[in-house]
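Report on one structure; see the data block that follows.
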Amino acid sequence: LTAAMVYVWGCGDDSTTGGNNTGGTAPTLNMRVGSIYTFNIDSLGLSGSVTKTSLKTINTYLAQGTYYGQTNAFQVYTETKDTITNVSLGTDTFYVRYDGGKFYQYGVLQLISPTIPASWDLVADFNVSQGTVFTIADNVPINIGSITGATANITGKIAADTTFNTYGWGNVGINCYRSEIVADIIFSGFSLGKVYVDYYIGDNDPTTNPSGMVRVKLRPVNLGVYTQAGVDQYLQRAVYP
């Protein structure tokens, strides 16, 4: 579980491409330096079970500037802790940006496989209408478990304009868009199955609503030859400067 969460925020180098369809309406986002987002973490079993854990992740928006060749990006420091022992399980720094109706995170595809080189990965394209599939990357070399030499064709879509409730701190509703990212795993010309990541982006409606990444869910993986439990990291509390 801890390793899976590290992949969410992993960093590296290289680059990939994004979609360029038109037809949607881009929301307004207001990410702010100094904001602190605290997340709960649940483990998602292959049978559909949900197990709450003692783990929490705290993301702090440190700065806004030019990172990995892109301007107006946000540098976010992240730490995952066990709240029972108060032991830090790992820290990292990741980067997000919102430009021209498109939301990017540097290295987010490493959640699907840590062997994918990090890049400014397209997470959501609000220029396309809801439900329309856009291309994120094709023929990406990956390794999953004992599977080596496979590739992934990765697509996304704005699946829903939705709301979820926080847990353990006020139980307030968080308005957001769910971007469904799908990786079709290809090996020797055949599809082994698909890996799903749901990436939730909060907007500025209302103005008190947290903007940016408010939830990431890696659904349980079942490729027949490889299985893995899922993980759900969802916002508990947001504090602004």
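Residue under question is residue 133, and the condition is that it be among the hydrophobic types (A, V, I, L, M, F, W, C), within 30 Å of residue 224 (Cβ to Cβ) and surrounded by fewer than 18 Cβ atoms within 10 Å (Cβ to Cβ); does it hold?
yes
Taking the criterion of being among the hydrophobic types (A, V, I, L, M, F, W, C) and assigned to a loop (DSSP other than H, G, I, E, B), would at least one residue in segment 93-112 satisfy it?
Kept after step one, since they are among the hydrophobic types (A, V, I, L, M, F, W, C), are these residues of segment 93-112: 94, 96, 103, 108-109, 111-112.
From the residues that got through so far, the ones that are assigned to a loop (DSSP other than H, G, I, E, B) too are 112.
Within segment 93-112, one or more residues are among the hydrophobic types (A, V, I, L, M, F, W, C) and assigned to a loop (DSSP other than H, G, I, E, B).
Collect the residues in segment 116-133 that are part of a strand (DSSP E or B) and over 13 Å from the mean Cα position of the chain (by Cα), keeping them in residue-number order.
Within segment 116-133, the subset part of a strand (DSSP E or B) is 120-125.
Answer for segment 116-133, where residues must be part of a strand (DSSP E or B) and over 13 Å from the mean Cα position of the chain (by Cα): just 125.
Select the strands (runs of 3 or more DSSP E) contained entirely in segment 136-235, then report the ones holding at least 2 residues which are among the hydroxyl-bearing types (Ser, Thr, Tyr), without any contact (Cβ under 8 Å) to a residue 40 or more places away in the chain and open to solvent by 10 Å² or more (accessible area, probe 1.4 Å).
So the answer is 147-165, 190-202.
Limited to segment 41-68, what total is found for residues that are touching a strand residue (DSSP E or B) at 6+ places or on another chain (Cβ under 8 Å) and open to solvent by less than 80 Å² (accessible area, probe 1.4 Å)?
Of all residues in segment 41-68, those touching a strand residue (DSSP E or B) at 6+ places or on another chain (Cβ under 8 Å) come to 41-46, 50-68.
Cutting the leftovers down to open to solvent by less than 80 Å² (accessible area, probe 1.4 Å) gives us 41-45, 51, 53-61, 63, 65, 67.
Of the residues in that region, 18 qualify.
When you scan segment 71-104, how many residues do you find that are over 15 Å from the mean Cα position of the chain (by Cα), hydroxyl-bearing (Ser, Thr, Tyr) and surrounded by 20 or more Cβ atoms within 10 Å (Cβ to Cβ)?
1
The values are calculated or read from the model by the stated rules, or taken from the named source; none is laboratory data. Every value quoted in this text rests on a predicted model; they were computed, and no experiment measured them. Counting neighbours? That spans all protein chains shown, and the Cβs are built from the backbone with ideal geometry, glycine included. Each accessible area value is taken on the protein alone, full model and side chains, heavy atoms only, with ligands, DNA and RNA left out. Shrake-Rupley method; radii C 1.70, N 1.55, O 1.52, S 1.80 Å.
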